[in-house]
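Engineer: Could you have a look at this structure, given as structure tokens, before my questions?
The values are calculated or read from the model by the stated rules, or taken from the named source; none is laboratory data. From a predicted model like this one, the values you see are computed outputs, not experimental measurements. Positions of Cβ are generated from backbone atoms using ideal geometry, with glycine treated the same way; all protein chains shown enter the neighbour counts.
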Amino acid sequence: MPETIFQAWSVAHQNRFEGVLRSILPSAEVAPERLHAAMRYSVLEGGKRVRPLLAFAAGELTGAEISRVNIAAAAVELIHAYSLVHDDMPCMDNDVLRRGKPTCHVQFDEAAALLVGDALQSLAFQLLGEHTLNADPARQLQMVKLLAAASGSRGMAGGQAIDLDSVGKQLSLPELEFMHIHKTGALIRAAVLLGAHCGERLDDANLNLLDRFSKCVGLAFQVVDDVLDSEADTATLGKTAGKDADHHKPTYVTLLGVQAARIMAAELHSEALDTLAGFGEEARRLRELADFIVLRKF
Ligand code: GRG
């Protein structure tokens, strides 16, 4: 299949970003070697890197320097990787396969997986503290607060708590949406906004539009994730398929059915594109990422 310009853009960023992550993560030859090896195992060579790509695309919108967006994107991806490691542990989803490899606690052990998550989270904030991401210190501080809020009890960790509580329960559509806006949406929103904050300041109206875009895309990502979990196979996903149903978890598919879930994803997709209608060519990659997130097969 011929490669599109967007595919070439994505692959180039994914490859370059792999090098960024390699240089940021502590070497497995430095003590404590096993912890560092487990951190590298959990972060490197895996995943779609959707959140970093969103940060790079948002950075293009605001004319950000790539070296700055690298750091913002890495901070978000480290938080994401930590959440996957913890989510897979026996006390949470108890899964054995992630990104096509044994999960961290299977490859190492539970204590190592717990520490990997802890250390990745700390490293994310260390990056935001050590590197200049915006010449205005107030905006840099805003970025730190944004990532902290997106990760914490009123963001991703809170969404995960609701998720764990909802096993075997029937949630209403607004309750399901509330859970996913936090569990999945908050970090996707942080990726877009952190990427954008590395560049020129957007006026309030445009920042609100970008925020709206990130929320639509974040929710669409989850709706599509639910559809894929119900339809795709384990080899394609690189993680155990059909897990939500097996764990009696409420999803968009169990609540609405596959067809209506697909329609919901399409509506969120078109709303996301509408929010960018006033932007020009500089929003091209964000539009293409919205397409990818909704049309992806893995
Ligand atoms: C443990 C605090 C804590 C939070 C966990 C992210 C998360 C919250 C749980 C993961 C479980 C899950 C399947 C969530 C649904 C959407 C999602 C975040 C999928 C994984 O993200 P991808 O598809 O993964 O971007 P890759 O591997 O491509 O990076």
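Engineer: Please verify whether the stretch 269-282 includes one or more residues that are within 20 Å of the chain's Cα centre (by Cα), crowded, with 20+ Cβ neighbours inside 10 Å and within 15 Å of the ligand (Cβ to nearest atom).
Structural biologist: no
Engineer: Next question. Before we move on, is Val85 modelled with pLDDT of 95 or more, outside any loop (DSSP other than H, G, I, E, B), among the β-branched types (Val, Ile, Thr) and within 9 Å of the ligand (Cβ to nearest atom)?
Structural biologist: yes
Engineer: May I ask you to verify whether Leu176 is in contact (Cβ under 8 Å) with a residue 60 or more places away in the chain and crowded, with 17+ Cβ neighbours inside 10 Å?
Structural biologist: Yes.
Engineer: Of all residues in the stretch 98-109, which are surrounded by fewer than 18 Cβ atoms within 10 Å (Cβ to Cβ) and either closer than 19 Å to Leu164 by Cα or of a type in the set (A, V, I, L, M, F, W, C) (or both)?
Structural biologist: Scanning the stretch 98-109 gives a single hit, Val106.
Engineer: Of (1) out of contact with any Gly (no Cβ under 6 Å at 6 or more places or on another chain); (2) near the ligand (Cβ under 10 Å from one of its atoms); (3) among the hydrophobic types (A, V, I, L, M, F, W, C); (4) closer than 16 Å to Phe221 by Cα, Phe178 satisfies all except one. Which?
Structural biologist: Of the numbered conditions (1) out of contact with any Gly (no Cβ under 6 Å at 6 or more places or on another chain); (2) near the ligand (Cβ under 10 Å from one of its atoms); (3) among the hydrophobic types (A, V, I, L, M, F, W, C); (4) closer than 16 Å to Phe221 by Cα, the odd one out for Phe178 is (2).
Engineer: Another one. For the structure I just gave you, tell me whether Lys215 is surrounded by 17 or more Cβ atoms within 10 Å (Cβ to Cβ) and either assigned to a helix (DSSP H, G or I) or without any contact (Cβ under 8 Å) to a residue 60 or more places away in the chain (or both).
Structural biologist: yes
Engineer: Answer yes if at least one residue in the stretch 34-55 is of a type outside the set (A, V, I, L, M, F, W, C) and more than 16 Å from the ligand (Cβ to nearest atom), and no otherwise.
Structural biologist: Yes, because at least one residue in the stretch 34-55 is of a type outside the set (A, V, I, L, M, F, W, C) and more than 16 Å from the ligand (Cβ to nearest atom).
Engineer: Specify the residue that is farthest from Ala74 (Cα to Cα); the eligible residues are those in the stretch 218-234 that are in contact (Cβ under 8 Å) with a residue 60 or more places away in the chain and not β-branched (Val, Ile, Thr).
Structural biologist: If we take residues in the stretch 218-234 being in contact (Cβ under 8 Å) with a residue 60 or more places away in the chain and not β-branched (Val, Ile, Thr), then Ala232 is farthest from Ala74 (Cα to Cα).
Engineer: Identify all residues within the stretch 152-166 that are among the charged types (D, E, K, R) and either more than 12 Å from the ligand (Cβ to nearest atom) or in a loop (DSSP other than H, G, I, E, B) (or both); write none if there are none.
Structural biologist: Arg154, Asp165 - these are the residues of the stretch 152-166 that are among the charged types (D, E, K, R) and either more than 12 Å from the ligand (Cβ to nearest atom) or in a loop (DSSP other than H, G, I, E, B) (or both).
Engineer: Select, from Ala149, Ala135, the only residue that is assigned to a helix (DSSP H, G or I), more than 13 Å from the ligand (Cβ to nearest atom) and over 16 Å from Gln222 (Cα atoms).
Structural biologist: Ala149
Engineer: Just to be sure before I move on: is Ala73 in a helix (DSSP H, G or I) and within 13 Å of the ligand (Cβ to nearest atom) in the structure I sent?
Structural biologist: yes
Engineer: For the stretch 183-196, check the following and say yes or no: at least one residue is farther than 24 Å from Ser42 by Cβ, more than 13 Å from the ligand (Cβ to nearest atom) and touching a residue at least 60 places away in the same chain (Cβ under 8 Å).
Structural biologist: Yes, that holds for at least one residue.
Engineer: Would you please name the residue that is farthest from Gly155 (Cα to Cα), looking only at residues in the stretch 212-239 that are of a type in the set (Lys, Arg) and more than 14 Å from the ligand (Cβ to nearest atom)?
Structural biologist: Only one residue tops the list, namely Arg212.
Engineer: Looking at this structure, is Ala265 within 16 Å of the ligand (Cβ to nearest atom) and in a helix (DSSP H, G or I)?
Structural biologist: yes
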